[in-house]
Amino acid sequence: MTLKRIHHVAYRCMDAKRTVEFYQKYLDMDFVLAISEDKVPSTGEPDPYMHLFMDAGAGNILAFFEIPNSPDMNFDPNTPDWVQHIAFKVEDEAAMMAVKEKLEADGIEVVGPTNHHIFQSIYFRDPDGHRLELAYDTATAEEMKKLHDIAPQMLIDWTKSKKTQKHAAWLHEEEFSKDSHK
C-alpha cells in the first residue's frame, strides 16, 4: 500500500460559522463542504453534529466538528501547550509575513518569526484555541539529506536514553554562537 496524501484531519470547534470565516479570512481556505447528521456514522450513537471541510491546499483537507450536545471543549492538560499544533506550509517569507500583519491588525497575537534553521515560522491561535503555524522552508537539499540520514540513529539513541540527542545540533550551533558573542 502507498499513501497518497492526507484525506482529512479533524478537530473540534465551538462555532462552525466562526471557524469557516476565520480560515477563509486568514488562510484563504476554500470551504469545500459540510455534512450534518443526527447519528455518528461509525458508531450509530445519536449526537447531532456539523462536520466542516476546508481545503488546506494540495488536496489536503482540514475538517472540524461542531458538536453542541457535548461538554465544553478542552485541551489535554498533560501535554505542553506548544506541542499540539497544525503547521501549514506557505510559499515564502512574504506570504508568511502578510498573514502575520493581517492577524496582528485584527488584534490576534502572533509569535515569531521563529528560526528553526530548516524553516522559519509564526504561531497563532484560531478562535477555539487551536495553535496554528505557518512555515516556509529554508533548508538546502544537503541539510535535508543529512537530517534524513541521521534520523534512524537518533530514534534508536533516544529510545535507549530518553535524553536529548545531539546528532542534529549543527542546526542551531551557528545561531547559538552568534548569541554568545553579543
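If you check 1, 96, 73, which single one turns out to be surrounded by 15 or more Cβ atoms within 10 Å (Cβ to Cβ) and of a type outside the set (S, T, N, Q)?
Result of the check over 1, 96, 73: 96.
Taking residue 169 as meeting all but one of (1) farther than 24 Å from residue 6 by Cα; (2) surrounded by 11 or more Cβ atoms within 10 Å (Cβ to Cβ), write down the number of the exception.
(2)
Please go through region 74-118 and give me each residue that is of a type in the set (Phe, Trp, Tyr) and under 14 Å from the mean Cα position of the chain (by Cα), ordered by number.
Listed by number, the residues that qualify are 82, 88.
Regarding region 80-91, can at least one residue be identified that is on the phi > 0 side of the Ramachandran plot and surrounded by fewer than 17 Cβ atoms within 10 Å (Cβ to Cβ)?
Scanning region 80-91, I find no residue that is on the phi > 0 side of the Ramachandran plot and surrounded by fewer than 17 Cβ atoms within 10 Å (Cβ to Cβ), so the answer is no.
Could you please let me know if residue 24 is surrounded by 11 or more Cβ atoms within 10 Å (Cβ to Cβ), part of a loop (DSSP other than H, G, I, E, B) and touching a strand residue (DSSP E or B) at 6+ places or on another chain (Cβ under 9 Å)?
Numbers: surrounded by 11 or more Cβ atoms within 10 Å (Cβ to Cβ): yes; part of a loop (DSSP other than H, G, I, E, B): no; touching a strand residue (DSSP E or B) at 6+ places or on another chain (Cβ under 9 Å): yes.
So residue 24 does not fit the description; no.
Identify all residues within region 119-143 that are in contact (Cβ under 8 Å) with a residue 12 or more places away in the chain, out of contact with any strand residue (DSSP E or B) (no Cβ under 9 Å at 6 or more places or on another chain) and either over 29 Å from residue 76 (Cβ atoms) or of a type in the set (Asp, Glu) (or both); write none if there are none.
Step one: list which residues in region 119-143 are in contact (Cβ under 8 Å) with a residue 12 or more places away in the chain, which gives 119-139, 143.
Then keep just the ones that are out of contact with any strand residue (DSSP E or B) (no Cβ under 9 Å at 6 or more places or on another chain); that gives 129, 143.
Of everything in region 119-143, just one residue is in contact (Cβ under 8 Å) with a residue 12 or more places away in the chain, out of contact with any strand residue (DSSP E or B) (no Cβ under 9 Å at 6 or more places or on another chain) and either over 29 Å from residue 76 (Cβ atoms) or of a type in the set (Asp, Glu) (or both), namely 143.
Among the candidates 107, 129, which residue alone is surrounded by 11 or more Cβ atoms within 10 Å (Cβ to Cβ) and small (Gly, Ala, Ser)? Explain how you work it out, then say what you get.
Working: 107 fails: surrounded by 11 or more Cβ atoms within 10 Å (Cβ to Cβ).
Matching residue, one of 107, 129: 129.
With the checklist (1) surrounded by 12 or more Cβ atoms within 10 Å (Cβ to Cβ); (2) out of contact with any Cys (no Cβ under 7 Å at 6 or more places or on another chain); (3) under 20 Å from residue 6 (Cα atoms) in hand, flag the one item residue 59 doesn't pass.
The number of the failed condition is (1).
We did not get these values from a lab; they are worked out from the coordinates using the rules stated. Just so it is clear, the model here is predicted, and its values are computed rather than measured. Quick reminder, even Gly has a Cβ in these numbers, built from the backbone with ideal geometry, and neighbours come from all protein chains shown.
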